[in-house]
1. Let me have the relative contact order for the chain, percent, based on Cα pairs under 8 Å that are six or more residues apart.
2. What does the charge count near Glu102 come to, summing +1 for each Lys or Arg and -1 for each Asp or Glu among other residues with Cβ under 11 Å from its Cβ?
3. 222 nm [θ] for the chain, helices only, -39500 (n - 2.57) per DSSP H run of 4+, per residue, to 500?
4. Using only the Cα atoms, work out Rg/Rh for the stretch 31-135, with Rh taken as the Kirkwood radius, to two decimals.
5. Read phi for every residue in the stretch 99-110 and hand back ³J(HN,Hα) as whole Hz from Karplus 6.51 cos²θ - 1.76 cosθ + 1.60, θ = phi - 60°, with x for Gly and Pro.
6. Compute the signed sum of charges (Lys and Arg +1, Asp and Glu -1) over the other residues within less than 13 Å, Cβ to Cβ, of Asp80.
7. Between beta-carbons, use under 12 Å as the cut-off and find the net charge around Cys260, counting Lys and Arg +1, Asp and Glu -1.
8. Apply the Karplus parameterisation 6.51 cos²θ - 1.76 cosθ + 1.60, with θ equal to phi minus 60°, to every residue of the stretch 121-128 and state each ³J(HN,Hα) to the nearest whole Hz, in sequence, with x for glycine and proline.
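Every number here is computed from the coordinates shown, using simple stated rules; none is lab data. Model, not experiment: these values are computed from the prediction. Quick reminder, even Gly has a Cβ in these numbers, built from the backbone with ideal geometry, and neighbours come from all protein chains shown.
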Amino acid sequence: MIAVSLLSSYDYCPRKLFLEHVLKLAVVPREAVVKGSVRHAVHERASKAEAELVKSIKNEINHVELIEKYKKLHSDVLKDTIVRNKSKLAEVKVSLTELFKEAWPRVLQESQQKALNLHEFMKKNKVFGEELWKMLSPKIESEYYVESEDLMLKGVIDQLEVYDNKLVKEVVPYELKTGSAPKTGVWPGHKLQAGAYIMLLEKNRFFVREAFVKYLDINEARHVMMNPFLEKHVLQTRDSIIELFQGKDLPLICDNKKKCSSCSLKEQCWNEKFIKEKMVFLS
Ligand code: SF4
């Protein structure tokens, strides 16, 4: 089975995917990648920790108190995640304090938004503690694993909003991304990933209301619409990856020099002699 994340990697550069997965060249982590993985982990851990916070609310509280609770939770998660990743951050020479300062404004914005949403829900439904958590809808599932033998695809959805609906399991998948966002819409590789998750969820009998790619650096969720072209593109890309992994053909250097200039495998990729030697072992 092909991992959904590889669809996006293939779309970025088939040659890079070949170098990493067929020639097994190790990718040296870059600062942006390491920071991105920390931001990702903060998001996941904060979502998981939210259940305890919600269950701990036993009486009506005002929105200012609720914001403080969320702020504390998110600040603790951010600090702890940064500390847990200190050796990775040291490798790319990122200071722990600087990273906290850089990430905090966006994390804070999310704390405020979550607190206000929960406050609205409590005011409307007048429920607290365990009952509040049970009734709260949508619930967020982090790192949701999904696969389909029919589609020959598998993947882990960053966040799944699950709506409380007794007749049908209704969900909205979110793919979280760090780094720059396009002016409008989503990057093509991200669209492929979101499309593949919709197909996988539908195969698993979910009703998928819609899908989003959330660009964490600008705190914006961009909509992805499923259509027959996207479905075809997902399947074609999957087949191209299967072919790439089975074959011995090295894809050409991509024609986007911007991609190459920021690529962590550039040195090896552009070194013809080195690549030729590596290819010999495949034949
Ligand atoms: S240097 Fe360019 S062609 Fe080579 S793997 Fe990186 S992005 Fe692809």
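1. Taking the mean separation of contacting Cα pairs over the length of the chain, I get 23 percent.
2. Working: positive: Lys35, Arg39, Lys101, Arg106; negative: Glu98, Asp217.
Value of the local net charge: +2.
3. Result for the chain, helices only: -18000 deg cm²/dmol.
4. Numbers: Rg = 15.6 Å, Rh = 14.7 Å.
When Rh is taken as the Kirkwood radius, the ratio is 1.06.
5. 5, 4, 4, 5, 7, 4, x, 6, 5, 4, 4, 5
6. Around Asp80, the charge tally is +4.
7. Working: positive: Arg15, Lys16, Lys257, Lys258, Lys259, Lys266; negative: Asp255, Glu267.
Net charge around Cys260: +4.
8. Taking θ as phi minus 60°, the curve returns 5, 5, 4, 6, 9, 6, 10, 9 Hz for the stretch 121-128.
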